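A quick write-up on the structure given underneath.
The values are calculated or read from the model by the stated rules, or taken from the named source; none is laboratory data. Keep in mind that this is a model prediction, so the values were computed, not measured. Positions of Cβ are generated from backbone atoms using ideal geometry, with glycine treated the same way; all protein chains shown enter the neighbour counts.
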Amino acid sequence: MRKCWVVIAAMFLIVACGEEETKPKPRGFLALDYPEAQYKFTNFDCPYNFEINTNARVKPSRNNIPCWIDLEYKNLKGTIFVTYQPVHGNLDSLLTDAQNLPLQHTIKADGIEGDIYTNPKRNVYGMFYEVSGDAASQAQFYLTDSINHFLTASAYFKTKPNYDSIVPAAAYLKKDMKRMIETMQWQDKTD
C-alpha cells in the first residue's frame with residue numbers, strides 16, 4: 001500500500017511539474033503624469049509677449065540682461081531660456097547665430113528638424129528646431145519681425161542627456177514652446 005502511495009505521489013509531482021507555456025514579460029513603460037497645461041498671457045515689461053504654461057516659474061536670466069528670462073519647470077527639471085535682442089542693422093548676424101545654435105548639437109543628436117514659422121498678421125517669422133538623440137537641448141526656436149526684434153528660446157534639462165529618459169518631458173516643453181511661438185506678439189517698446 002505504501003508503494004502505491006509513493007507511485008501516486010510521484011505521478012502527481014510529474015504532472016504538477018510539467019512544462020508550462022513560457023510567456024515573455026510584457027514591456028513596461030515609465031508612467032509620467034505631468035499637470036495639464038493651462039496657458040496665460042504674461043507681461044514681461046519687454047518688447048514681446050506670449051502665453052506661457054502656468055506650471056512654469058518665470059525667473060530673470062542668470063545673466064541679468066533685461067528681457068532675458070528663464071521659464072523653470074521644477075517637476076520636469078527643465079528650463080526654457082528666452083533671450084531678446086533688438087535689431088540694429090545686425091539681423092544677418094543674429095540669424096546666423098540662431099541658425100548655428102542647433103548645429104552645435106550635431107555631435108550627439110540623431111537628427112535635427114527645422115520648421116519655418118510665418119505669421120504676417122502679427123509680423124512674426126522664425127524657425128522651430130526639434131533635436132532628437134542625446135543632445136543637450138531638445139528644442140529651440142528663434143523669432144523676429146525682421147526690423148526691430150529678435151527672440152530666441154532653448155529648452156534644457158538639469159540632467160545628463162539621455163533621450164530615452166527625457167522624451168516625455170521634452171515633448172511637454174516642445175508643446176509649450178510651440179504655444180509661445182503661436183501666441184507671440186511684439187510690443188511697441190523698443191530698446
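The number of residues in region 70-87 being part of a loop (DSSP other than H, G, I, E, B) and at pLDDT below 95 comes to 1.
Summed over region 52-69, residues that are part of a strand (DSSP E or B) and surrounded by 18 or more Cβ atoms within 10 Å (Cβ to Cβ) total 3. Checked against (1) in contact with a Pro (Cβ under 8 Å, 6 or more places away or on another chain); (2) more than 26 Å from GLU36 (Cα to Cα); (3) modelled with pLDDT under 85, ASN148 passes all but a single condition, namely (3).
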